[in-house]
1. Looking at 205, 237, 245, can you tell me which residue is over 17 Å from residue 163 (Cα atoms), open to solvent by 70 Å² or more (accessible area, probe 1.4 Å) and either modelled with pLDDT of 95 or more or β-branched (Val, Ile, Thr) (or both)?
2. Is it the case that some residue within the range 127-148 is of a type in the set (A, V, I, L, M) and assigned to a loop (DSSP other than H, G, I, E, B)?
3. Take the residues in the range 151-169 that are over 22 Å from residue 132 (Cα atoms) and surrounded by fewer than 18 Cβ atoms within 10 Å (Cβ to Cβ), then tell me which one is nearest to the chain's Cα centre (by Cα).
4. Name, by its number, the condition in (1) in contact with a strand residue (DSSP E or B) (Cβ under 8 Å, 6 or more places away or on another chain); (2) assigned to a loop (DSSP other than H, G, I, E, B) that does not hold for residue 45.
5. Suppose we keep only residues that are within 22 Å of the chain's Cα centre (by Cα) and of a type in the set (A, V, I, L, M) within the range 214-265. Which one would you say is nearest to residue 66 (Cα to Cα)?
6. Which residue, of 196, 183, is hydrophobic (A, V, I, L, M, F, W, C) and more than 30 Å from residue 136 (Cα to Cα)?
7. Would you check if there is a residue in the range 218-226 being at negative phi, without any contact (Cβ under 8 Å) to a residue 24 or more places away in the chain and out of contact with any Asp or Glu (no Cβ under 9 Å at 6 or more places or on another chain)?
8. Between residues in the range 43-60 that are farther than 12 Å from residue 100 by Cα and residues that are open to solvent by 30 Å² or more (accessible area, probe 1.4 Å) and of a type in the set (Ser, Thr, Tyr), which pairs lie under 8 Å by C-beta distance while being six or more apart or on different chains?
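The values are calculated or read from the model by the stated rules, or taken from the named source; none is laboratory data. All figures in this text were calculated on a predicted structure; none of them were measured in a lab. For neighbour counting, all protein chains shown are included, and Cβ atoms are generated from backbone atoms with ideal geometry for every residue, glycine included. These area figures cover heavy atoms from the full protein model, side chains too; ligands, DNA and RNA do not enter into them. Shrake-Rupley method; radii C 1.70, N 1.55, O 1.52, S 1.80 Å.
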Amino acid sequence: YALSKGIILKPYIQTLAHLNCIFLWDEYYAIQDIDDILLAEDERTYELIDHIFQTLAACFTTREVNIGMDEAHHLGRGRYLEKHGYKPALDIMLKHLKRVLAIAEKYGFTCEMWGDMFYNMAYSDSNVTEQEIQKISETIPSNLNLAVWDYYGLEKENYIKEFTQYKRLSENLTFAGGALTWMGFCPDNGYSLAAMEQAFCACEEVGIKDAYLTAWGDDGGECSPFAVLPTLFAVSEFAKGNYDETSIRKKFKSLTGIDFSTFCMLD
């Protein structure tokens with residue numbers, strides 16, 4: 001159906017963290033490190049990831065995938081620590097990433113991952129040196145795309161600073177913004193639009209050419225994704241270089257038959 005509309009449906013999966021639900025089953029609990037994190041360097045983990053990619057290859061025509069790997073804050077601090085002793089999180093992640101990329105390549109996929117783990121390792125210490133940043137940059141595989149996710153900034157200058165820092169790590173960047181569906185039952189188009197206008201202007205200025213919006217379904221996904229239609233439409237206009245509010249509102253009403261302001265009363 002997506003292809004019939006000229007849309008490429010791209011899978012976003014998790015191959016490291018954010019997998020808390022599966023650990024309710026004994027089979028998967030056996031490969032839990034800690035929290036919602038998979039046990040790295042265990043062959044059962046890579047058997048699972050291989051099965052995931054086997055399914056993706058059968059279900060999708062695209063061979064691009066986002067492999068997740070975000071917010072694995074306590075990586076190596078649970079069952080991994082008991083089995084292997086202490087190792088720096090960066091070392092564990094890089095070894096794990098190498099295995100995941102090899103599995104992806106086996107099925108013909110090129111990969112993107114969320115960039116926060118590399119970013120936090122590089123910039124969490126305000127006294128970090130250029131040499132240390134360069135060292136982390138050199139560990140990032142050249143065939144890996146990093147997704148910069150930021151949903152809340154309201155200042156273009158802060159986005160520019162963040163994007164510039166990311167560019168010191170990798171030139172292969174995409175930007176992931178947010179259409180806020182994860183605050184409960186109601187959307188927040190007003191905030192989303194204010195933030196994304198600044199973010200997309202910064203993308204243009206820094207030279208990030210690929211950007212998309214996320215609409216996460218936290219806590220059971222109470223908020224309808226259709227509730228952020230004003231944000232989705234407006235940002236599609238931002239991407240074309242149109243930031244004129246009057247023009248955007250007029251086009252939105254022409255397309256949907258609903259007044260933009262009326263729709264945003266759902267906020």
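1. After applying the criteria, what remains is 245.
2. Yes: the range 127-148 contains one or more residues that are of a type in the set (A, V, I, L, M) and assigned to a loop (DSSP other than H, G, I, E, B).
3. Applying the first criterion (over 22 Å from residue 132 (Cα atoms)) to the range 151-169 yields 151-159.
After this cut, where a residue has to be surrounded by fewer than 18 Cβ atoms within 10 Å (Cβ to Cβ) as well, the list is 152, 154-158.
Values: 152: 14, 154: 19, 155: 21, 156: 20, 157: 21, 158: 19 Å.
Applying the filter and picking the extreme gives 152.
4. Condition not satisfied by residue 45: (2).
5. 215
6. Values: 196 fails: more than 30 Å from residue 136 (Cα to Cα).
When all the criteria are applied, what remains is 183.
7. As a first pass, look at the range 218-226 and keep what is at negative phi: 218, 222-226.
With without any contact (Cβ under 8 Å) to a residue 24 or more places away in the chain added as a condition, the list becomes 226.
With the extra rule that they be out of contact with any Asp or Glu (no Cβ under 9 Å at 6 or more places or on another chain), the set shrinks to 226.
Within the range 218-226, one or more residues are at negative phi, without any contact (Cβ under 8 Å) to a residue 24 or more places away in the chain and out of contact with any Asp or Glu (no Cβ under 9 Å at 6 or more places or on another chain).
8. Pairs found: 54/107; 56/107; 57/107.
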